[in-house]
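Working notes, structure below.
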Amino acid sequence: MTNDAARARLTAAMVRLGAGDKAALDDIYRATSAKLFGICLRILGDRKEAEDALQEVYLSLYRTAGRFDPARASPISWVAVFARNRAIDRLRRLKARPGFAPASDAELADVRDPGAMPDVMMIDIERTARINTCLDGLDDDQRTSVRSAFFGGFTYAELATSSDVPLGTMKSRIRRGLAKLKSCLEADE
């Protein structure tokens, strides 16, 4: 299944759940549980607590699915925010409890899936496309400088020398480009 098809299927399930179709929750769970469990586990560091947080995520999702707007957010991003928020809330409560110790890195390593999940790949593809679209909106000098500095690994000094501009000019060019890039990315959210 392509990323577009997976996203469309998840979006349809979210819309169905929002309309009261309880069976859609099963489709959503199958498509998102591994990703959301990973988010919860990474934040909480405890398998049992992550499982409990994940249950809270789906209960919350069940109650609020009607608020999902596919025009404003991708479905996986929307439910990932639920997972992150529930896990952080739970972590705050746990830290107040004496004797809580998160899992070790070795224990967490056993849970990780070495392959990227389709929903993770979909988020990466969406993010990359959004970044490239925003980069294309920069003027040529800013776009080239930002790409060279952050994707090419060149220092500001190297870029200033190769472009035959003062170092301060290069820093300003990149700073302005990053500000425009940030504004563009925030507008898409």
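Counting only residues that are more than 32 Å from the chain's Cα centre (by Cα) and assigned to a helix (DSSP H, G or I), which one in the stretch 159-189 is nearest to D141 (Cα to Cα)? Outline the logic, then answer.
Filtering the stretch 159-189 for residues more than 32 Å from the chain's Cα centre (by Cα) gives 160-169.
Adding the requirement that they be assigned to a helix (DSSP H, G or I) leaves 160-163, 167-169.
Numbers: A160: 11, T161: 14, S162: 12, S163: 9, L167: 14, G168: 14, T169: 11 Å.
Among those residues, the one meeting the criterion is S163.
Quick one: would you say I123 is surrounded by 14 or more Cβ atoms within 10 Å (Cβ to Cβ), modelled with pLDDT of 70 or more and not in a loop (DSSP other than H, G, I, E, B)? So I123 fails the test. Remark: pairs (first residue in the stretch 38-51, touching a residue at least 60 places away in the same chain (Cβ under 8 Å) and over 11 Å from A80 (Cβ atoms); second residue surrounded by fewer than 20 Cβ atoms within 10 Å (Cβ to Cβ) and among the small types (G, A, S); Cβ separation under 9 Å; 6+ apart in sequence or on different chains) = L41/A103; G45/A101; G45/A103; G45/S104; R47/A103. Which members of the stretch 11-23 meet the condition of being surrounded by fewer than 20 Cβ atoms within 10 Å (Cβ to Cβ) and not basic (K, R)? T11, A12, V15, G18, A19, G20, D21, A23, listed by residue number. Taking the criterion of being under 31 Å from the mean Cα position of the chain (by Cα) and of a type in the set (A, V, I, L, M, F, W, C), the residues of the stretch 123-158 that qualify are I123, I125, A129, I131, C134, L135, L138, V146, A149, F150, F151, F154.
Taking the stated definitions as given, is S77 of a type in the set (S, T, Y) and modelled with pLDDT under 85?
Working: of a type in the set (S, T, Y): yes; modelled with pLDDT under 85: yes.
Yes.
Could you check the stretch 61-77 and list, in sequence order, the residues that are under 17 Å from A31 (Cα atoms), in a helix (DSSP H, G or I) and either outside the structural domain of K95 (by TED's automatic domain parsing) or not aliphatic (A, V, I, L, M) (or both)? It would help to see each step written out before you state the result.
Initial filter on the stretch 61-77 (under 17 Å from A31 (Cα atoms)): 61-62, 65, 68, 70, 73-77.
Pick out the ones that are also in a helix (DSSP H, G or I) and you get 61-62, 65, 75-77.
Listed by number, the residues that qualify are Y62, P75, S77.
Considering R90, R72, R84, R9, the condition of being in contact with an Asp or Glu (Cβ under 8 Å, 6 or more places away or on another chain), free of Cβ contacts under 8 Å to residues at least 60 places away in the same chain and under 27 Å from L185 (Cβ atoms) is satisfied by R9 alone.
The values are calculated or read from the model by the stated rules, or taken from the named source; none is laboratory data. Predicted model only: the values in this text are computed from it and were never measured. Virtual Cβ from ideal backbone geometry, glycine too; neighbours counted across all protein chains shown.
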